[in-house]
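The values are calculated or read from the model by the stated rules, or taken from the named source; none is laboratory data. No experiment lies behind these values; they were computed from the predicted model shown. Heads up, the Cβs are rebuilt from the backbone with ideal geometry, glycines too, and the neighbour counts pull from every protein chain shown.
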Amino acid sequence: MTTLAIPQPEVIQPGRLTLLFRYLRRNKSLSIGLLLILLLTAFTVFGMLTIDKKHAYPLSVPAKLPPSAQYPLGTDFFGRDLYPAMVVGLWQTALIGVLAGGVGTLIGVVLGFISAYFGGPLDSAIKGICQILTPIPAFLIQVIIAGSLDKRDVTIYTMAFIVVLLSWMGTTLVIRSQVLSMKERQFVSVAKLSGMGDLGVIFIEIMPNLLPFIAASFVGAVFGAVFASFYLAVLGLGPLREPLLGNTIWAAQSQGAFFNSWWWWPIGPAVAMVLILGSLALINMGLDELANPRIRRTE
Amino acid sequence: MADLLELKNVTKIYTRGLLSKTSTTALANFSLKLDDQQPTIVTVAGESGSGKTTLAMLLLGFITASAGQIFYKGQDISQLRGAERMSFRREVQAVFQDPFSVFNPFYTVDHLLTVPITLFKLAKSKTEARDRMYEALTAVGLRPEDVLGRFPHQVSGGQRQRINVARALLLRPKLLVADEPVSMVDASLRSSILETLVGLEKNYGVSIIYITHDLTTAYHISKSIIVLYRGSVMEAGGVDTVIKEPKHPYTRLLVDSIPWPDINRRWGATEIKAKESDQSGDGTGCKFASRCPFVFQPCKDVPPLFRLNEHHATACYLFEKNPLIKSEQLSELLPV
Amino acid sequence: MEPVLKVIDLQVSYYTDAGRATALAGATLSINAVEKLGLVGESGSGKSTMALAMMRMIKPPGRVESGQVIVDGTDLRKLTDEEMLKARLSKIAYIPQGAMNSLNPVMRIGDQMVDAIQAHAINLSQKDFKEHCMQALESVDLKRSVFRMYPHELSGGMKQRVCIAISILLKPKVIICDEPTSALDVVTQRQVMETIDRVQKFIGAAVILIGHDMGLMAQFVDKVAVLYAGRLMEVSSVRLMFTDPKHPYARALISSLPNLENKGVFQSIPGIAPSILRLPSGCPFHPRCAYVMEVCKTEIPELVTLDDGRSVACHLFSGRA
């Protein structure tokens, strides 16, 4: 059978980077969200490298001073320099968010895969546990646990643990349903025909296609973790000595900052919190669109 | 003379429901033997629901039979483990109907070819692997530079199916299950893909089980044919005989409905017309009874195969004057 | 007899990230009432595009650049959106590919039929509406009880016949069927095609059958139009197309078809169809043509009418060789 050596008219495919930029232009929430996060990260990283971290803790600088050139965000009742406090607070919030979000997503992905791929009684068990735990009000449980801990035991890491406890179920169920549908696809059958075993199918064939879902779940988990750490701290249940953003607000409120016209005290963390949660939410919305195959794929 | 493949009274029943189990017999008491030394192309023809896809899944080892056994080179495939199972995997391959869904959208089309090369150790170096891929792609009429490195949605449907066939070529299987390989391909491209399949049999000794509902292509490439309806064999024999002189009412209906690209062979040449199933009866007896224009009293029982001549038999009581042939002997009817 | 449908110089382009593609280049053809035309071509040749263009259903990034679509004396392209809405289904009906899978799964068939003609403000009472729909169902050989059924209760062939019934509700002059039988087995396929045939004679419409199965064309249509890379290559009566095709592409197509006499002979067309984004210069088929001449590489052949009434777009017949 002959193949004619036809000079094939070249269809120039735009490069992947170009396509990425074009996509970002179309997906405004993703781009704005990413930009904000990038700015916040830059601020934090720059900050961590330039400040004196000790000033973020009480009794390090003169107290109750309004913003000035020396203390750009002013100081608080306890003698904290609020600018380093903000920087360290952002850093710690990021830590909790990524740690709790990451671990929660990891648990969800692993359980979701195992449940869907191997099926049977294991699947029913995992699905059942998820369905039972989901309606439990996580907020309530978190408050109870955090409230009953000895004040000295509450650290950033215990906070992250409390948050993870009831946050993995959603991811598990989402990943499970995706894997269930994907394992019936014909490219999985062909991979098996080509000699691939179960592990290969999971990691090489199915997992890469789930990256958008996993990314979206991760962002959602980080959002949840940051928000949870914030409201727990605002209630005074966080590690009080740390300059966590929520802690600062709690401290400001409990010392009557507004009555005493120390307006600069809660403003920083409040704005920071709005920006963090806002950007995460925007990224999540943007990723939702990416993960929905019907909307994307206009290459 | 060992048998390459032997299906012995294979039955597959699907049950549904927890309390009142409704069961569907997808394949009933099917037997077939393929010779190791004589590669051949056998068509398994039928419409959807006939059991042909179930047969493909059984042959590839994706599902297990409810009754009966399947032997590959003398070994029961449900008992294969380890190295023997790998070797079964390597030697029994498939080409599927939908050219698009066999590709993993995350990877380029190369992935379809590189995975088996790596897993079955078909090449000792990257260059050898590349050479093998180039060889297979050129053999199916593609220019490797045109398709390698592209994503599935960037190549046309015809090219995708050719890559599928190239994959089969690459693996040099002993048995190829081709499940409607050209039905989703444009009519103008079918010719070249079918030619490659026939080439596989002629030049590389691959036996092909060609599953289809399109009797035109079946006529063109296979030597023998088995007609299935609702899981049972209706007629079997040499493809020339069965298509030129069909005897079973179902086969006659199928053959008469073929849209031949020939203005001198129009539909309606014979009187047999399609009848809607009247949904009566309890499903025992001849499966075709509810649609058959010639149904009569004996059809209440399942008809056995009646042998009409050396390479032709049909399961229909209209021919009960002919000698019986057991379903296990089906292979004797198929010319090689 | 004035043709019931006249398409004159229809041009459709698609504006993509990678450039402008000419999906349909200046197509011209006509059909008479109670005539059946088959539009044949491979995927990407422009046949569905042509149907959508005739129905004014081309969405961005596609655009109908120019041309006229005259149905029963009215140029559809000159109508307002409101008028075109009325014209669809009443003057020209379209049964898209996979129509049977697009029936609303949660509505009864009868409700969907009524829904389809709602926009046309017919002055009939509810009862007469229903009666009209039931008669349409009967004309496609379905029982009246189907009116109250849901799509999942019907087989593939029956669903397709429901789609045909919907398309004839307002007795259009032209019915376009895009691959109506691609997912059906041969027996059901024949049933559906025979239904379309009967229904057409009943309402006196013209039918355009779009597909790539030449066998189906041989069995069903009166005239065949062959499209390649967005251009009409040949338009002939079905008899002439199968016994004496003139255009090299049509000839290669016909000789590659499997039939009862040529068992084991495979004559495929070498090479592959070009992408419409970068078409070859001159005649789009010239790189694969066995009869290629110098002029073919530079000049696009026009569709010329030969003595026997058919049209061919090839320099072998354009008098420019």
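Residues that are touching a residue at least 40 places away in the same chain (Cβ under 8 Å) and either more than 13 Å from chain A (Cβ to nearest Cβ) or part of a strand (DSSP E or B) (or both) within region C:254-280 comprise C:ILE254, C:LEU257, listed in sequence order.
Collect the residues in region C:88-123 that are within 20 Å of C:VAL174 (Cα to Cα), among the small types (Gly, Ala, Ser) and surrounded by fewer than 17 Cβ atoms within 10 Å (Cβ to Cβ), keeping them in residue-number order. Answer for region C:88-123, where residues must be within 20 Å of C:VAL174 (Cα to Cα), among the small types (Gly, Ala, Ser) and surrounded by fewer than 17 Cβ atoms within 10 Å (Cβ to Cβ): C:GLY98, C:ALA119. When you scan region C:269-290, how many residues do you find that are of a type in the set (S, T, N, Q) and out of contact with any helix residue (DSSP H, G or I) (no Cβ under 7 Å at 6 or more places or on another chain)? Count: 1. Can you find a residue in region C:285-293 that is touching a Gly at 6+ places or on another chain (Cβ under 9 Å), surrounded by 14 or more Cβ atoms within 10 Å (Cβ to Cβ) and among the charged types (D, E, K, R)? Within region C:285-293, one or more residues are touching a Gly at 6+ places or on another chain (Cβ under 9 Å), surrounded by 14 or more Cβ atoms within 10 Å (Cβ to Cβ) and among the charged types (D, E, K, R). Of all the listed residues (B:VAL233, B:VAL255, B:VAL182), the sole one being within 12 Å of chain C (Cβ to nearest Cβ), at pLDDT 85 or above and over 19 Å from C:HIS212 (Cα atoms) is B:VAL255. Quick check, is C:LEU79 closer than 25 Å to C:TYR14 by Cα and touching a helix residue (DSSP H, G or I) at 6+ places or on another chain (Cβ under 7 Å)? When the stated conditions are applied, C:LEU79 passes them.
Yes or no, residue by residue, for (1) at the interface with chain C (Cβ under 9 Å from one of its Cβ atoms); (2) over 27 Å from B:VAL155 (Cβ atoms); (3) in a helix (DSSP H, G or I); (4) modelled with pLDDT of 85 or more:
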{"position": "A:VAL11", "(1), (2), (3), (4)": "yes, no, no, no"}
{"position": "A:PRO14", "(1), (2), (3), (4)": "yes, no, no, no"}
{"position": "A:LEU20", "(1), (2), (3), (4)": "no, no, yes, no"}
{"position": "A:ARG25", "(1), (2), (3), (4)": "no, yes, yes, no"}
{"position": "A:LEU35", "(1), (2), (3), (4)": "no, yes, yes, yes"}
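Taking first residues from region B:90-112 that are touching a residue at least 60 places away in the same chain (Cβ under 8 Å) and more than 7 Å from every other protein chain (Cβ to nearest Cβ) and partners that are of a type in the set (Gly, Ala, Ser) and in a strand (DSSP E or B), the Cβ contacts under 7 Å between residues at least 6 apart in sequence or on separate chains come to B:VAL95/B:ALA178. Among the residues of region B:117-131, just one is within 14 Å of chain A (Cβ to nearest Cβ) and within 20 Å of B:ASN203 (Cβ to Cβ), namely B:LEU122. Checking each residue of region C:242-250 against the condition of being touching a helix residue (DSSP H, G or I) at 6+ places or on another chain (Cβ under 8 Å), aromatic (Phe, Trp, Tyr), surrounded by 18 or more Cβ atoms within 10 Å (Cβ to Cβ) and part of a loop (DSSP other than H, G, I, E, B) gives no match. In region C:107-147, the residue that is farthest from the chain's Cα centre (by Cα) out of those that are within 14 Å of C:MET158 (Cα to Cα) and of a type in the set (Val, Ile, Thr) is C:VAL146. Could you look through region C:206-243, keep only residues that are at pLDDT 90 or above and of a type in the set (Asp, Glu), and pick out the one that is nearest to C:GLU35 (Cα to Cα)? Restricting to residues being at pLDDT 90 or above and of a type in the set (Asp, Glu), the top hit is C:ASP222.
Among the residues of region A:180-199, just one is within 14 Å of chain B (Cβ to nearest Cβ), over 23 Å from B:THR114 (Cβ atoms) and of a type outside the set (Gly, Ala, Ser), namely A:GLU184.
Part of a strand (DSSP E or B), under 28 Å from B:GLY199 (Cβ atoms) and in contact with a helix residue (DSSP H, G or I) (Cβ under 6 Å, 6 or more places away or on another chain), is that true of B:LYS12? The answer is no for B:LYS12. Confirm whether C:ALA183 is modelled with pLDDT under 90, in a loop (DSSP other than H, G, I, E, B) and more than 7 Å from chain B (Cβ to nearest Cβ). Yes: the conditions hold for C:ALA183. Confirm whether A:ALA85 is out of contact with any Leu (no Cβ under 9 Å at 6 or more places or on another chain), buried (at least 21 other Cβ atoms within 10 Å of the Cβ) and within 23 Å of A:MET273 (Cβ to Cβ). So A:ALA85 fails the test.
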